[in-house]
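Every read-out reported here was derived from the displayed coordinates using simple, explicitly stated rules and does not represent laboratory data. Since this is a predicted model, take the numbers as computed values, not measurements. So basically every Cβ, Gly included, is an ideal-geometry build from the backbone, and we count neighbours across all protein chains shown.
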Amino acid sequence: MPGNRKPPVISSRGNGAATAGPPPAPEQGAAPEQGTADGTGLRRPGRVFSATKDVDPAPAQENAAKNSAKSSAKNARAARQADGGPAGEDAQSDAVTTPERSGFRWPGRRKAVPGADPDDAANVLAFPEPPARRRRRRLLLTAGAVVAVVAALVAVLVFSPLLAVRTIKVDGLKLATAKQVDAALAPLKGKPLPQVDAAQVQQLLGRLPQVHYSTIEARPPSTLLVHITERVPVALVKNGNAFVQVDQDGVQVATVKDRSAVALPVIDGGTAAVGKNIFKAITAVLAVLPPAILARMDHAQASSVDSVQLTLNDGKTVVWGNASEKELKAKVLQALLNAAPSTLPGAAPVQVYDVSTPRDPVTR
């Protein structure tokens, strides 16, 4: 029937001559012919004719490649997450910095990080260490080695038995005896010399009331020299049938049975007065007197801290007053005692030296 007749297809083959007629059937096993027909009957190569839409094979292949890349990236992220590796933004950062993907290659050599994904090892860059950092590290290593050697030497010296104390020499003794000092310092024998310090020696000598303070010198390999400064007695206090020597602080440093054995004044009140304010005022005065004048004193007394009075061996009296300006009072008293006696006829000898006001002394 005329309504069922197919329209003729115009095509160009071979030499380009157009022919009309039905389209030839494809050969068995051959691929469908690509191309499209337009109003002129010409076919464009690389196109597939479709009844609904023309499809370009190039975008389809590109989309397939993108989908394959996305699938590979997704699988890689899943593998990193399973191994505890970076994910999310870190994975994207890896994708950006990968030379194969970005086309940019950072200088330096790649180095694999222990424990990291082997696929990501190519993305870690190890830059060469700067020379300044290498020099600093070498200096630190050298300094550490020197410190270790010095510490080892110090340890050998401090704990070595070769430097053990075998001989102790002492000087400055007047009141204490060498036997007393040797007994006090006996714990130091056999101890390494570098371990002996002045504080330890002072603590051991603190058992002796005669010792005020001490200093030490180490003389390797085994000798310790101890310099002792003893307390200076300034007065005597009666204790029964004996007399006790006391220093400025009231420390009892020695005992004598005969008062004439030492040239010191006696403080009235006995040992019961030691440590009281009046006793301290008297000893403060006696401590500033020159040894020559102190030896001329017979005894000292006071009814208060402001009324110290001294008595010389010849019976003359020194009115001292309080302990203020004691250095100036001592100089004035020494000048008065050294002055020549008056030769005026009928002049009475001086019996009282009043230095309570040292800038206006009085004799009578």
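Worth a mention:
- Charge sum, other residues only, whose C-beta stays under 12 Å from residue 350's C-beta, Lys/Arg counted +1 and Asp/Glu -1: 0
- Hydrodynamic radius (Kirkwood) for segment 161-230, which is based on Cα pairs only, to one decimal in Å: 11.9 Å
- Environment charge at residue 204 (Cβ cut-off 13 Å; Lys +1, Arg +1, Asp -1, Glu -1): +1
- Local electrostatic count, residue 256, Cβ distance below 14 Å [Lys/Arg +1, Asp/Glu -1]: +3
- Going from the residue with the fewest nearby Cβ atoms within 10 Å to the one with the most, 127, 279 rank 127, 279.
- Taking label points 7 Å from Cα along the Cα-to-Cβ direction, residue 314 and residue 262 give a separation of 2.6 nm.
- Long-range HN-HN contacts of residue 170 with modeled amide H, under 5 Å: 226
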